[in-house]
Every structure is written in structure tokens, then in C-alpha cells.
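To start, the structure itself, in C-alpha cells.
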Amino acid sequence: MKTLTPKQKIVLQAIKKFFSENGKMPTIRELKDENTKLGLKFKSLRSVFLYLNALEEKGFIKRSSKSKGIELKNYAKKSFIDVPVLGMANAGSPTFFAEQNIEGYLKVSKALLRNKEVFAVRVFGDSMNLSKINGKKIKEDDLILVDHKVKDFKNGDRVLTVIDGLATVKLFKKISQKMIGLFPESTNKRHQPIYLTPSDDFIINGKVIDVLTA
């Protein structure tokens, strides 16, 4: 691998910095702006292309025809997963409608997730404030990560359930072949279990796998 000039080093640093902060590669215009922040100003986008060509020729990056088609050689693969935030779930009686509109995205390290198909929901209420996921309690305003690929629920799993179109977070327990219970874990004694049968209008959307404290 060949040696870089001082300006080429700045461009490479700008690529790494943008990737580290955003979890994705920059467009040419974004890279131009990032270099400006580092003190290297380009008069045109063509100048950026020339530096990228030089970095590729020297073996530091690999490029494709995509708009963000820059790949860092000998650099870790994308380390973040964009997790969609889907509305709010109640940690109490189910009083919030389960919104499917994406409110935004969280950048979560791959090291924290085994499953890429995960979504996040913000918690409202205190019915699960004694519950612990990976040693962290589920408190009001926290974001919970839900693995919606889990279908085989076990006693003691914390689950996100939509009942009559309303979302709630509870501890799962199979009571019998025809009944499940959703139990609160709370310091607030007013919260009561919810008992459901196959004839009820509900769906368990997934298992809570982690808590991101607000």
C-alpha cells in the first residue's frame, strides 16, 4: 500500500469520520462538506473525485457506481444497524394505539444485536418498572428493542402485544392450551394481569431483547 500525501490523508480521515458518526458512507457532496470541516476546501466536486481516484489507486478504498459507493479497505464493515422506531407502547393497560408509522431510526451497534430485523418502541407507564432485560429495568420513556422474528414464546419472556389495536408490554406466561397471561412487574399495585384466549383480538409482535435508557 502506497504512502498518502497530507491532503489525501485528510480526505481518508473525512471518509472514516463521516462513517463513524453516521454508520454509512458519504455522498460526494457530503464528503466535500466533511473535508471543509477538516480544513480542506474543494472548489468543485470534480476535485473530490480526483482524490477518491488517488485513494483507490493506492489501495485505501474501493469504489462502485452507487451514489455512496465507497468501501474502506482493511476497515471494519458497517458496525451499526438502523433500527426503526415505531410509535409508543404502554407499560400498563393497553391505552396507546399501535402506530406502524416510522418515527425515526436509532443507530445501534451490531455487537448489541444478533438479529437485524429489530424495531424499537418507546415505553409509557410504570407497569414494568421492576422488569429487567440484560440487567436494565424498563422505565417510562425508555426505548425497548423488539425482536419480531421470535414466535416461540416462553414463560418469563417480556413481549410486545397489540390487543384490539392497542400496544402493551408485559411478561408472558402460558396458563393452559387455551389461555395466556400477560403480567405486570411493577411497584405500582394497581396494575393487573391480562388474560387472553385464541378468540381474542390480539397479536404478540415480538420479544423484548434490550432496553435503551432514556
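The values are calculated or read from the model by the stated rules, or taken from the named source; none is laboratory data. Note that this is a predicted model, so its numbers are computed, not measured. All Cβ positions, glycine included, derive from the backbone under ideal geometry; neighbour counts span all protein chains shown.
Would you mind stating whether Ile138 is free of Cβ contacts under 8 Å to residues at least 60 places away in the same chain and buried (at least 19 other Cβ atoms within 10 Å of the Cβ)?
Numbers: free of Cβ contacts under 8 Å to residues at least 60 places away in the same chain: no; buried (at least 19 other Cβ atoms within 10 Å of the Cβ): yes.
Here the answer is no, as Ile138 does not meet what is asked.
Kindly indicate whether Ser127 is buried (at least 20 other Cβ atoms within 10 Å of the Cβ) and touching a Pro at 6+ places or on another chain (Cβ under 6 Å). Outline the logic, then answer.
On the way: buried (at least 20 other Cβ atoms within 10 Å of the Cβ): yes; touching a Pro at 6+ places or on another chain (Cβ under 6 Å): yes.
Yes.
Mind counting the residues in the stretch 154-194 that are in a loop (DSSP other than H, G, I, E, B), in contact with a Gly (Cβ under 9 Å, 6 or more places away or on another chain) and not polar (S, T, N, Q)? Show your work before the answer.
Taking the stretch 154-194 as the starting set, the residues that turn out to be in a loop (DSSP other than H, G, I, E, B) are 154-157, 164-165, 177-178, 184-193.
From what's left, in contact with a Gly (Cβ under 9 Å, 6 or more places away or on another chain): 184, 186, 188, 190-191, 193.
Filter once more, so that each one left must be not polar (S, T, N, Q): 184, 190-191, 193.
So the answer is 4.
Close contacts from the stretch 22-44, counting a first residue that is more than 17 Å from Pro6 (Cα to Cα) and a second that is of a type outside the set (S, T, N, Q) and part of a loop (DSSP other than H, G, I, E, B), with Cβ to Cβ under 7 Å and a gap of 6+ residues or different chains, come to Gly23/Lys78; Lys24/Lys68; Met25/Lys68; Pro26/Lys68; Thr27/Lys68. Scanning the stretch 2-15 turns up no residue that is hydrophobic (A, V, I, L, M, F, W, C), within 29 Å of the chain's Cα centre (by Cα), part of a loop (DSSP other than H, G, I, E, B) and under 27 Å from Ser109 (Cβ atoms). Any residue at all in the stretch 158-166 that's surrounded by fewer than 17 Cβ atoms within 10 Å (Cβ to Cβ), modelled with pLDDT of 90 or more and among the hydrophobic types (A, V, I, L, M, F, W, C)? No, every residue in the stretch 158-166 fails to be surrounded by fewer than 17 Cβ atoms within 10 Å (Cβ to Cβ), modelled with pLDDT of 90 or more and among the hydrophobic types (A, V, I, L, M, F, W, C).
Which of the following residues is assigned by TED's automatic domain parsing to the domain that holds Val208, modelled with pLDDT of 95 or more and within 11 Å of Gly92 (Cα to Cα): Ile194, Ile175? Reasoning before the result, please.
Numbers: Ile175 fails: within 11 Å of Gly92 (Cα to Cα).
So the residue among Ile194, Ile175 that is assigned by TED's automatic domain parsing to the domain that holds Val208, modelled with pLDDT of 95 or more and within 11 Å of Gly92 (Cα to Cα) is Ile194.
Condition test on Thr213, is it exposed (fewer than 13 other Cβ atoms within 10 Å of the Cβ) and at pLDDT 90 or above? Taking the combined requirement at face value, the residue does not satisfy it. Tally up the residues in the stretch 70-88 that are at pLDDT 75 or above and in a loop (DSSP other than H, G, I, E, B), please. So the count comes out to 1.
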